[in-house]
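Remarks on the structure that follows.
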Amino acid sequence: MPVYPSVRDHGIELCERAGYEIESADDRRTPTALATPTRDAVGLVDAGTPRPVAIEPLTEADVGPAGLVPRFAGALREGRDCLFVVPSTESTGTTLTQVVATVLGEPACVADGGPDGRHFYKGPDRVPLSDGSYACARATTAELQWREVPVGEDRPRLELGVGTEVVAVFENVDALAAAERHAFQYAYRRADDGRFEVTAQDEVVERFPGPTVMRRDGYAPVPMPLVPEHLFPEDADLGRWAVCQPDGGQQVLTAAGLHAWS
């Protein structure tokens, strides 16, 4: 889904008005544009010293945890603030700027950060297993929930739940990086003929022509949770973001609130 030129251009115009020089990038692995502050630049996030800004124009499909958090983490790893530019549309009565603020605001980049343990957003990557397959579950993606569970003075346990049922358990969030096949009841892999095989233990229980049919029949690939300490530098300031939209004029929403660049 292409980014509307008006979305990208709005972010560039705002940065230029605030005293930044713009360098565009066609490489999809880098920000669509990089704004470098001049001597007279106004700080994007706060009134302090301006920093380089990664301008990230988004489509409607990008405005969610899986699209936002990895882009934001990439900007911070490069020592940049991040300006998200969203289309001027609403989703179920909520503006896309509000969606961005909800995902990136407190608790930063997690669905819930309460005393009973964090609930994580689902990321774009899938959980690889020790035998070369990928984890899946007899559920829909929406039903899957990664959460931490306190266990005394030890680090919280990581659980994958489907409603009230726990379908996978790990010692902590770091243990997921080397998940064994036996940690999940179901897994899937691409067979030599190109079909997708779902296995339970070592037995093939279903075969599908592709992932869409596999999901339709009730087997969802398990997404990796978005764990902030796995994505962001240790000393990262998770308030270094802003979001705007073309219909908002010069208004920019930041972690500190709404302000306008004149």
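The values are calculated or read from the model by the stated rules, or taken from the named source; none is laboratory data. Owing to the predicted nature of the structure, the values given are computational and were not obtained by experimental measurement. Here Cβ is always computed from backbone atoms with ideal geometry, including for glycine, and neighbour counts include all displayed protein chains. Remember, those area values only see protein heavy atoms, side chains included, never the ligands or the DNA or RNA. Shrake-Rupley method; radii C 1.70, N 1.55, O 1.52, S 1.80 Å.
Values for this structure:
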item: Lone qualifier among THR32, THR102, THR95, THR36 - being of a type outside the set (Asp, Glu), more than 26 Å from HIS230 (Cβ to Cβ) and under 20 Å from the mean Cα position of the chain (by Cα); result: THR95
item: Those strands (runs of 3 or more DSSP E) lying entirely in the range 177-262 with at least 1 residues in contact with an Asp or Glu (Cβ under 6 Å, 6 or more places away or on another chain) and in contact (Cβ under 8 Å) with a residue 40 or more places away in the chain; result: 186-190, 196-200, 223-225
item: Number of positions in the range 116-150 that are out of contact with any Pro (no Cβ under 8 Å at 6 or more places or on another chain) and in contact (Cβ under 8 Å) with a residue 24 or more places away in the chain; result: 14
item: Residue that is farther than 23 Å from ARG147 by Cβ, surrounded by fewer than 20 Cβ atoms within 10 Å (Cβ to Cβ), in contact (Cβ under 8 Å) with a residue 60 or more places away in the chain and not acidic (Asp, Glu), where the choices are ARG71, ARG77; result: ARG77
item: VAL45 being more than 18 Å from the chain's Cα centre (by Cα), open to solvent by less than 50 Å² (accessible area, probe 1.4 Å) and among the aliphatic types (A, V, I, L, M); result: yes
item: Scan of the range 209-231 for residues that are open to solvent by less than 60 Å² (accessible area, probe 1.4 Å), more than 21 Å from GLN145 (Cα to Cα) and either among the small types (Gly, Ala, Ser) or more than 28 Å from the chain's Cα centre (by Cα) (or both), ordered by number; result: GLY210
